[in-house]
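Heads up: the structure comes next, in structure tokens.
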Amino acid sequence: MAIAVGDKVPAVGFKIMSEDGPKDISSDEVFAGKKVVFFAVPGAFTPGCSMTHLPGFVVNADTIKAKGVDTIACMSVNDAFVMGAWGQAQNAEEILMLADGNGEFTSAIGMELDASGFGMGSRAKRFAMIVDDGAVSHMAIEAPGEIKVSSAEAILEQL
């Protein structure tokens with residue numbers, strides 16, 4: 001069952017890229033005591049994710065944070081090396097690039113996408129959520145092939 005408004009975010013870790021290589025970061029470090037705009041993409045460096053989804057959050061980062069958001073986080077079922085390189089390529093300095101390499105967080109929140117038909121295996125659906133101190137206050141799950149309800153502009157309207 002997919003995570004929904006009112007649900008607590010599960011305690012599952014991520015990886016981030018640091019100057020010293022991949023580093024663990026817990027879901028508590030990401031969400032506890034913070035207002036977080038969290039969005040997920042099916043794959044780093046893929047067309048819709050690289051041309052539309054992530055760039056919208058990069059361009060609107062200051063406006064989003066001005067609405068009281070502590071952290072903007074982008075997650076994909078990719079490894080920390082890929083997420084770090086993608087963040088650099090997209091000038092995403094204001095975005096926390098989270099790797100869910102084994103899909104554990106994605107599975108725990110019921111947001112798996114079977115992308116095996118594209119040779120990508122199990123990935124995350126495209127979605128965005130607003131999380132207040134670990135509890136989901138807004139959830140937006142995209143229809144296949146769309147970037148509408150989870151776009152930076154749509155999330156800004158919810159803040």
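The values are calculated or read from the model by the stated rules, or taken from the named source; none is laboratory data. Nothing here was measured: the structure is a model prediction, and the numbers come from that model. Here the Cβ is made from the backbone with ideal geometry for all residues, glycine too, and neighbour counts use every protein chain on show.
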### Query
On the given criteria, is residue 98 surrounded by fewer than 21 Cβ atoms within 10 Å (Cβ to Cβ) and in contact (Cβ under 8 Å) with a residue 12 or more places away in the chain?
no
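When only residues in region 85-94 that are more than 14 Å from the chain's Cα centre (by Cα) and outside any helix (DSSP H, G or I) count, which is farthest from residue 44 (Cα to Cα)? Let's see the steps before the verdict.
Restricting attention to region 85-94, the residues satisfying the condition of being more than 14 Å from the chain's Cα centre (by Cα) are 85, 88-91, 93.
From what is left, the residues that are outside any helix (DSSP H, G or I) are 90-91, 93.
On the way: 90: 10, 91: 14, 93: 16 Å.
For region 85-94, the residue satisfying everything is 93.
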### Residue that is nearest to residue 129 (Cα to Cα), among those in region 18-74 that are among the polar types (S, T, N, Q) and assigned to a strand (DSSP E or B)
71
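Only one residue in 5, 12, 82 is surrounded by fewer than 19 Cβ atoms within 10 Å (Cβ to Cβ), outside any loop (DSSP other than H, G, I, E, B), more than 11 Å from the chain's Cα centre (by Cα) and of a type in the set (Val, Ile, Thr), so which one is that?
Working: 5 fails: outside any loop (DSSP other than H, G, I, E, B); 12 fails: outside any loop (DSSP other than H, G, I, E, B).
The unique qualifying residue is 82.
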## Note on the structure
Result of the Cβ filter at 8 Å on region 64-79, keeping first residues that are farther than 21 Å from residue 43 by Cα and partners that are among the acidic types (Asp, Glu), at least 6 apart or interchain, is 65/94
### Task
Those residues that are of a type in the set (D, E, K, R) and part of a loop (DSSP other than H, G, I, E, B), I need them from region 116-158; list them, please.
125, 126, 133, 142, 146, 148
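Kindly indicate whether any position in region 115-123 is within 19 Å of residue 52 (Cα to Cα) and either free of Cβ contacts under 8 Å to residues at least 60 places away in the same chain or buried (at least 20 other Cβ atoms within 10 Å of the Cβ) (or both). Reasoning before the result, please.
In the first step, residues of region 115-123 are kept if they are within 19 Å of residue 52 (Cα to Cα); the result is 123.
Those left that are additionally either free of Cβ contacts under 8 Å to residues at least 60 places away in the same chain or buried (at least 20 other Cβ atoms within 10 Å of the Cβ) (or both): 123.
Yes.
Does residue 148 qualify as being more than 18 Å from residue 13 (Cα to Cα), basic (Lys, Arg), surrounded by fewer than 22 Cβ atoms within 10 Å (Cβ to Cβ) and modelled with pLDDT of 95 or more?
Working: more than 18 Å from residue 13 (Cα to Cα): yes; basic (Lys, Arg): yes; surrounded by fewer than 22 Cβ atoms within 10 Å (Cβ to Cβ): yes; modelled with pLDDT of 95 or more: yes.
In short, yes.
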